[in-house]
Each structure stands twice: as structure tokens, then as C-alpha cells.
Amino acid sequence: MMTEDLIVFDHVSYTYDDEETEKTVYALKDVSLTVRQGEFVVVLGHNGSGKSTLAKLSNSIFLPSEGKVFVRGMDTSVTENEFPIRKTMGVVFQNPDNQIVASIVEEDVAFGPENLGVPPKEIRRRVDEALKAVDMYDYRMHETHRLSGGQKQRVAIAGMLAMQPECIVFDEPTAMLDPKGRREVMQIIRRLNKEQGMTVVFITHYMEEAVHADRVVIVNDGGIAADGSPVSVFADREMLARCGLNVPEIAEVAYQLRSRGFDVPGSVLTEEALVDAVLRLAGKN
Amino acid sequence: MIRDITIGQYFPGNSFLHLLDPRAKILITLFYIVTLFLCKNFFSLFLLLAVAILSVLISRISFRVILKGLRMILLIILFTAALQIFYNSKGTVLWKPVPAWKFAVTDQGIFSAVFLSIRIVALILFSSLLTYTTSPTQLTDAIERLLSPLKLLRVNVHALSMMMTIALRFIPTLIEELNIIISAQKSRGADLDSGSLLKRAKALVPIFVPLFVSAFRRAYELAFAMDCRCYNGEKGRTRMKIMKLGPRDYVGFAASAILTAAVVVTSYVPLSSIFIFESVI
Amino acid sequence: MAIIETRRLSFGYSHGTPFEITALDDVSFTVEKGETVAVIGHTGSGKSTLMQMLNGLLTPESGAVLLDGKDIRSDKAFTRSVRFRVGLCFQYPEYQLFEETCYKDIAFGPKNMGLGEEEIRRRVTEAAAIVGLPEALLQRSPFELSGGQKRRCAIAGVIAMRPEVLILDEPTAGLDPRGRDDIFGMIRSYQQATEAAVIIVTHSMEDAAMLADRILVMNRGKLAFNGTVSEIFRHAEELEAIGLNIPASTKLIADLRRAGCELSPDVYTAQAAADEIEAYLRRKTV
């Protein structure tokens with residue numbers, strides 16, 4: 001079951017009409033992509049590359065102009081599938097303020113399951129569990145507008161967890177956060193993937209956040225420029241430059257050392273790995 | 001500063017008042033307000049004020065917060081009091097500064113100024129406890145339940161209550177945003193505090209255009225987020241917190257009824273008849 | 001002489017409510033003409049309060065701000081002129097655009113200064129050129145622009161006042177690497193054209209290292225560090241302890257030093273880290 005296809009983009013295009021020029025613009029063009037159960041997929045691209053459109057297509061908020069999107073085999077363009085799909089695919093957006101509906105933390109987390117018609121006792125259980133999963137249980141009675149950005153975003157994640165989805169799409173959830181908030185949110189998301197087996201699609205432009213992914217997808221000009229393991233994607237420096245992206249800083253140091261003749265393997269992307277490699281070269285291990 | 005506003009805020013807690021059914025709280029508050037207007041003499045007024053203060057004690061909300069809330073309406077109190085003193089010319093004249101003027105300070109004027117001020121203080125004290133001890137969602141849910149008979153008239157009560165929930169949620173966010181926009185435009189030399197009325201009205205454009213643009217953007221994004229959380233109106237929706245009237249609420253209702261009865265008796269039944277009643281016993 | 005100086009600034013919010021905060025506590029520093037200073041600290045460290053004090057939007061509870069040696073509160077006319085001489089660009093400034101055209105929006109500041117039509121035109125054109133906003137866009141509504149262009153237009157609105165001190169609060173928030181480099185380019189070209197002092201508020205040590213001559217680190221309303229970039233980076237561990245993100249290269253070198261490698265600690269770019277490690281490995285393997 002682990003490799004079952006959860007989301008399938010089948011030759012998907014998404015267009016909109018530019019009011020100024022009255023031309024049809026492609027936000028996404030002929031994109032095919034498959035996300036399997038349990039995967040941690042990071043989607044990278046600069047602003048305006050079309051990466052955020054992917055998120056809204058994945059749970060039938062947007063419908064493809066051409067091609068089809070399937071979630072667990074359900075076609076997103078079929079109206080009856082709308083709610084089953086949105087129950088399966090949670091989405092967390094960029095601006096934490098604009099996705100919180102209620103003024104009190106636990107009441108906001110309860111909003112999703114309430115909409116699904118879950119019995120009250122079960123909602124209570126799910127809300128408590130979801131808040132514990134994002135380390136916000138102690139804040140359950142707090143006012144949402146007084147929380148920090150990172151805390152608000154964790155409440156938004158809990159709101160999704162309480163609906164018990166199989167996959168959560170994160171649409172640049174860290175873009176508006178400070179470093180502390182970003183760390184908190186990243187830690188929670190990685191834990192959800194590792195410990196609860198939650199399938200994660202993570203859209204961002206922070207390269208560092210991609211290092212721990214199972215798979216990296218690079219979106220550029222509405223198309224997919226690369227799709228593979230972090231090691232293979234970050235090795236293609238020309239492609240990254242073309243897409244307006246940087247190599248993660250540690251990968252850059254490793255690359256520089258490699259190009260100066262030191263034996264640093266191409267698989268080095270994290271700080272721990274590079275420390276080990278340098279110590280080995282220095283004869284310290 | 002706008003950020004210091006405490007009226008309408010919720011302070012989580014576990015006091016008797018916090019645990020009352022929100023519907024009961026709304027009804028009791030309405031009852032209290034009506035009683036406040038029925039009250040005619042100082043004895044019953046002080047009784048009502050005492051009940052308000054007692055309720056604050058029960059709610060365990062700090063007096064500093066309560067006083068801050070009262071400070072906001074100090075101007076209104078002073079204004080009404082002044083009006084009473086200046087315009088109530090009945091009763092014995094105590095002071096007449098310029099003999100040719102009609103204006104005079106009378107004992108009744110002062111009496112009604114004091115009476116009204118206390119009445120407003122009691123009103124604010126008691127009614128702000130409703131929001132201090134009830135979360136906005138519970139409050140709007142309760143209003144939805146209380147107004148549910150209107151459904152027979154095809155009023156979409158659920159939509160109304162959802163709108164209230166969202167409004168209450170976004171008011172602090174928009175106030176914060178308003179503060180930032182004001183500061184930013186002031187940084188570019190916007191002058192909001194001087195000039196003719198027309199000039200001042202014009203000066204609001206740089207403040208309100210960005211605020212509205214932002215409010216619409218937020219509304220647009222929130223609508224997406226609510227879709228993602230399967231919001232589909234009232235149909236099939238359940239609630240985490242079930243509202244059920246319990247012994248506590250009946251105690252509340254009883255206390256409320258006794259208070260009203262006491263006020264009505266002391267205000268409208270002549271004192272002599274009470275004494276007669278006592279002498280019979 | 002310092003263009004701007006603060007003397008023992010203190011300030012608090014929401015006195016008398018359960019949400020009381022001490023935002024600033026005894027903060028003193030100076031900024032020279034032509035200097036670029038980065039103010040770093042996490043959310044709630046007091047940096048935003050500090051910025052609003054520098055152009056007189058907020059009045060300190062105690063202490064003073066001096067512009068060109070004169071207390072900005074000394075007289076009313078001077079206080080008003082400080083608004084224009086110390087230009088403050090808020091976070092996400094594109095959310096403050098309001099005019100019908102970009103031209104009018106950029107002209108808002110200069111107009112409030114009481115400048116003549118001709119001078120306003122000069123300044124708007126000049127500011128638009130500095131931020132790289134094409135002339136053709138000036139007559140368009142700012143709400144039709146792309147996100148990046150909106151930000152440029154909003155920054156131009158502050159630059160057009162030609163401030164002697166330009167303060168930007170998180171000017172790169174939400175931007176991708178390309179957008180960030182563009183903004184930094186603008187700041188540099190404004191500085192070259194005017195010799196203004198620039199104060200940039202940021203969460204990012206990388207940004208600070210890239211742009212600033214000097215870094216002020218704020219923590220819980222206090223000025224925790226004040227020094228040149230390399231001086232500050234020598235305190236990498238303390239910075240991490242107060243919750244700041246140090247650049248990956250700096251952290252790498254710090255960890256290698258902890259493992260016993262003799263490396264210089266003030267490294268904050270990938271290039272410098274590679275140079276430092278290379279030199280070390282060459283010494284080791286000779």
C-alpha cells in the first residue's frame with residue numbers, strides 16, 4: 001500500500017484571462033505529476049512560477065483547463081467528488097491570518113470536523129489530538145489573533161489534522177514567518193510525515209527546506225523543470241540558475257570544495273554530512 | 001491607543017459565569033438591562049450595582065481590566081451627567097451663575113446626573129461580563145439558537161451567526177492593520193489631524209483604500225480556506241460544544257428573577273405598604 | 001558626526017492589561033552618514049517599535065532620538081520635517097498603496113512635503129528609476145502590478161522623499177532569491193546616489209551580512225550586540241541561543257571548530273566557508 005498513487009496530475013494545464021491584454025495566460029502547462037502515499041515532496045519555484053496553482057488544483061478549489069487531476073482515483077472535476085477529495089487533501093496556505101475562522105484556538109480547530117458532521121465527543125477527541133500533534137494543546141483556550149505567526153500556522157495545521165486527511169498540501173506556509181516560526185512549522189511537518197506517515201506536498205522557495213525531502217520537483221514557467229531526489233536535483237546547477245533558484249548553502253560549500261579537488265561526495269546536502277566529510281578529509285575520524 | 005480596547009474581549013476561565021450556558025447568559029443580561037431601566041430609586045439602583053460588582057468578583061476577571069473598559073466610556077458618562085445638570089431645571093435651584101440666563105443647577109438635576117451615571121456604570125459592568133466570559137463562537141452560536149424561531153420567516157440565521165463569528169475574529173486583525181497603515185501613511189507625511197472638514201475627509205483616502213483592498217483580499221483567501229475545510233453552510237453541521245441548560249443555569253435564572261422582583265417591589269410598591277405588610281406579620 | 005543617535009530609549013505597550021509588554025529598554029546607538037546598519041532580532045524583540053521611534057511616530061517614554069545632533073521632539077516644525085528626513089518603509093509596503101496611478105502614489109510623500117509640481121515630477125522619475133519601475137507603468141494603477149512591482153512602487157514612494165536616513169522593515173519578506181537581490185541592488189544604488197544612511201530591519205543574518213557594515217542585535221527590548229559584521233558573527237552561539245538563525249556556513253564552521261578544526265569563526269558566505277576549509281585542509285595534508 002505504501003506506493004499507492006495518491007495524487008495524479010495527468011497533462012494538466014491551467015489558464016486564466018489577462019484583463020489587460022485580453023490574452024489567455026497559462027499558469028501551468030501540460031504538467032504530469034504523481035504523488036505516492038507517505039511521500040514528502042517539496043515543490044520549488046520562484047514567485048509566479050505557477051507552483052501555488054498546483055495546491056489549489058489538488059483539492060478541486062481550481063479545476064484544470066485541460067487534463068485531469070485525480071485524488072485517490074477520484075476526478076476533481078466531478079462535483080460529487082468535491083467533499084470526499086477535500087476530506088482527503090488538506091491545504092494549508094501562506095497567510096496564517098486568513099485561514100483561521102474562529103477567535104479561540106480550539107474552536108477554530110473544531111471548524112473542519114463540525115462541517116463534516118462528526119459527533120461532538122469525537123470532535124473533542126480529534127481537536128485535542130490535533131492540538132497535541134502540533135504542540136499547541138496548552139494554547140487551546142487562547143485567542144487566535146494574539147498568537148505568533150508560527151503558532152497560528154500550527155493551529156491551521158491542527159485544523160487540517162482534525163479532518164483526518166491522508167495528505168496535506170502546504171502552500172508556502174513559512175513565507176510570512178520569522179526564523180523561529182519557520183523552524184517550529186518545519187519540525188511539525190517533518191514529524192507528521194515521519195511518525196504518522198502523513199503524505200506531504202510542500203511548496204516553497206526556501207531551498208534549505210527541500211534538503212530533507214524524499215523528492216524535489218522544480219516548477220518554472222508553468223512547467224516541471226526537474227523531478228527527482230534532492231541530491232540529483234541540486235546537482236544540476238545550470239537548471240537551478242535558469243529557474244532563478246539558488247543551491248542550498250551547504251550544497252554550495254560542498255560543491256566548491258569538490259571543484260577544488262577535494263573528495264566530497266555529491267550526496268552531501270546537510271550540515272552533519274559535510275562536517276563528517278571534512279573531518280574525514282582532515283583525518284580526524 | 002486602539003490596541004488597548006478591552007470591551008468585547010474574551011478572557012478564558014472556569015468561573016461560575018464562564019460555565020453558564022451562553023444562551024442563559026444572554027437572556028440574563030437582557031433581563032438585567034430591562035430591570036436597570038425599571039429601577040426608580042437609589043435603593044434598587046445600588047442593589048443592581050452591587051449585583052454587577054458581585055458578578056465581576058464571581059467571574060474572577062481582574063478589576064484593572066474592568067476599570068480600563070469603564071475608562072473608555074468615561075466621556076459618555078461625563079457628557080450625559082453634564083446634560084442632566086444643565087438641562088434639568090426642575091426642583092430647587094442651588095446655583096444660578098447668571099441671573100438673566102435660564103440655566104440653573106438644581107437638586108433634581110444633580111440627582112438625575114448621579115442616578116444616570118451609576119446606571120451606565122452598572123450597565124457596562126454587567127453587559128461587558130457577557131463578552132468577557134463567553135468566547136465569540138459560543139456567543140454567536142447562542143444567538144443563532146435563540147434566533148432560530150426566525151427560520152420560520154425564512155431568515156438565514158446560520159449565515160448571520162457565521163458572519164458575526166468571522167467579523168469578531170477579524171476585527172482585531174483589521175484594527176492592527178489599520179494601525180500599521182496609519183503609521184505608514186504618516187511616515188509619508190499624511191496629515192490626519194488638521195485642516196478643514198473636507199481636507200480631513202480627503203486625508204482618510206490613503207487610510208481606507210488600503211484597508212478595504214486588504215479586507216477584500218482577506219475575504220477572498222478566507223473563502224478558499226473555508227472551502228478547503230468543507231464548509232457548506234448549516235447542512236449536516238455538528239458542534240463540538242453542545243449547549244445544554246443545567247442546574248447552574250437555573251440558579252442563574254432564579255437569581256435574575258429575584259433581582260428583578262426586588263427592584264420592581266422597591267421601585268413601584270410604596271414603602272409604607274411594605275411596612276404595613278411587616279406589621280401584619 | 002552621526003546622522004542619527006538614540007539616547008537611552010525606553011517604551012512599553014498595553015500598560016494595565018494582562019498583555020503588557022516592555023518593547024524597548026534603555027537602547028542607545030548611533031548611525032553615521034552613508035553607513036548601512038542592519039537591526040536583527042526575532043518578532044517581539046522591539047525592533048519595529050525602535051524603527052517607529054526614529055522618525056517620531058512613537059514617542060519614547062524616556063530617552064531621546066537625535067537627528068543631526070538635534071532632538072527630534074525639540075520643536076513642532078522640526079518633528080514634522082523628521083518624517084521626511086528619516087524615511088520609514090514598513091513591512092509589506094505594497095499593502096499601503098492607494099492612489100489611482102503609480103505616479104500619484106509615489107508622489108504622495110513629496111506632495112506632503114509641499115514641493116512644486118516640477119520638483120515632484122523629477123523626484124518621482126528618479127525614484128522609479130532607482131527601484132527599476134519602467135516609465136510605462138507609472139500611469140497604471142498600482143493594483144494592476146505584479147507582487148514584485150507593487151513592492152518596488154511602494155519603496156519608490158519612500159525614496160522619492162529623498163530621506164537622509166532610509167529605514168526599511170523586512171524589505172525582502174516573502175520574496176524569492178531573485179527578488180531579494182533586486183531589492184538589495186535598489187538600496188545600494190539609492191545610497192550611492194545620496195550618501196544616505198540605511199537601516200534595514202531583518203530576521204535574516206544572511207541578509208544582514210550581505211548588505212550591512214554594522215549589525216545591531218535586539219533581544220527582549222534590549223540592544224544585545226552592536227558591532228561590525230565579523231565582530232557579530234564571532235558570537236554565533238549566543239545569537240543562536242537568543243533564537244536567531246545564523247547562516248548555514250557560519251554554523252558549519254562553528255561545528256567544525258567544536259570538533260577541533262582550527263578555523264576562523266567569522267565566516268558567513270558559502271565562498272568564504274569553502275576558502276577557509278580549503279586552507280585548513282591544505283595545511284593539514286601538507
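Throughout, read-outs are computed from the coordinates displayed, never taken from laboratory work. Everything quoted here is computed from the prediction, not taken from an experiment. Cβ placement follows ideal geometry from the backbone for every residue including glycine, while neighbour counts extend to all protein chains displayed.
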Using a Gaussian network model of chain C whose springs link C-alpha atoms within less than 10 Å, name the residue from C:Ile199, C:Ile253, C:Ile72 with the highest mean-square fluctuation. C:Ile253
In whole Å, largest first, what are the principal axis extents of the Cα atoms in the range A:1-128? 51, 40, 29
Measure out, as a whole number of angstrom, how far apart the alpha-carbon centroids of the range A:226-246 and the range A:41-112 sit. 26 Å
Under 18 Å from the Cα of C:Lys33, which lysines turn up, not counting those fewer than eight places away in the same chain? C:Lys70
D (µm²/s, integer) via Stokes-Einstein for chain A, Kirkwood Rh across alpha-carbon pairs, 20 °C, 1.002 mPa s: value 106 µm²/s
Quick one: among A:Asp236, A:Asp135, A:Asp227, which has the greatest mean-square fluctuation in a GNM of chain A with alpha-carbon springs under 10 angstrom? A:Asp236
Any DSSP H helix in chain A with Cα axial reach of 24 Å or more and mean Kyte-Doolittle score of at least 0.0? Listed by number, the hits are none
Gap in Å between the Cα centre of the range C:16-86 and the Cα centre of the range B:70-147? 41 Å
Relative contact order of chain C, pairs being alpha-carbon contacts under 8 Å that are 6 or more residues apart, as %: 22 percent
The range C:88-159 and the range A:153-194 have their Cα centres apart by a whole-number Å value of 36 Å
Please work out the Kirkwood hydrodynamic radius for chain C, using every pair of different C-alpha atoms, and report it in angstroms with one decimal place. 20.3 Å
Stokes-Einstein D for chain B (37 °C, 0.692 mPa s, Kirkwood Rh from Cα pairs), in µm²/s, comes to 143 µm²/s
Just from its helices, what would the mean residue ellipticity at 222 nm be for chain B, if runs of 4 or more DSSP H residues each count -39500 (n - 2.57) and the sum is divided by every residue, rounded to the nearest 500 deg cm²/dmol? -23000 deg cm²/dmol
Taking a ≥ b ≥ c as the square roots of the Cα gyration tensor eigenvalues, with a/c under 1.5 meaning rounded and otherwise prolate when a/b beats b/c or oblate if not, the range C:247-286 comes out oblate
Out of all Cα-Cα pairs in the range A:113-210, roughly what percent, to the nearest whole number, are more than 23 Å apart? 24 percent
Can you check what the net charge comes to around A:Lys194, using other residues whose Cβ is under 13 Å from the Cβ of A:Lys194 (Lys, Arg +1; Asp, Glu -1)? -1
Kirkwood hydrodynamic radius of the protein assembly as shown, from inverse mean 1/r over distinct Cα pairs, in Å: 30.8 Å
Per residue Cα convex hull volume for the range C:18-167, in cubic angstrom? 146 Å³
Rg and Dmax of the range A:141-271, Cα atoms, in Å? 16.8, 58
Residues with beta-carbon under 10 Å from that of C:Gly227, excluding C:Gly227: net charge, scoring Lys, Arg +1 and Asp, Glu -1? +1
Please find, in a Gaussian network model of chain B (springs between Cα atoms separated by less than 10 Å), the residue of B:Thr131, B:Thr173, B:Thr80 whose mean-square fluctuation is greatest. B:Thr173
Residues with beta-carbon under 13 Å from that of B:Leu168, excluding B:Leu168: net charge, scoring Lys, Arg +1 and Asp, Glu -1? -3
Peptide A:104-115, shielding by other chains (average Cβ, 10 Å cutoff): 6
Residue-averaged 222 nm ellipticity for chain C, from DSSP H runs of 4+ at -39500 (n - 2.57), nearest 500: -12500 deg cm²/dmol
In nm, to one decimal, how far is the modelled label at B:Ala203 from the one at C:Arg220, with both set 7 Å along Cα→Cβ? 4.0 nm
For B:Leu174, placing the label point 7 angstrom along Cα-to-beta-carbon and taking the range A:78-100, residues whose amide nitrogen sits under 20 Å are A:95-100
Could you calculate, for the range B:136-231, the ratio of the Cα radius of gyration to the Kirkwood radius, expressed as Rg to Rh? 1.14
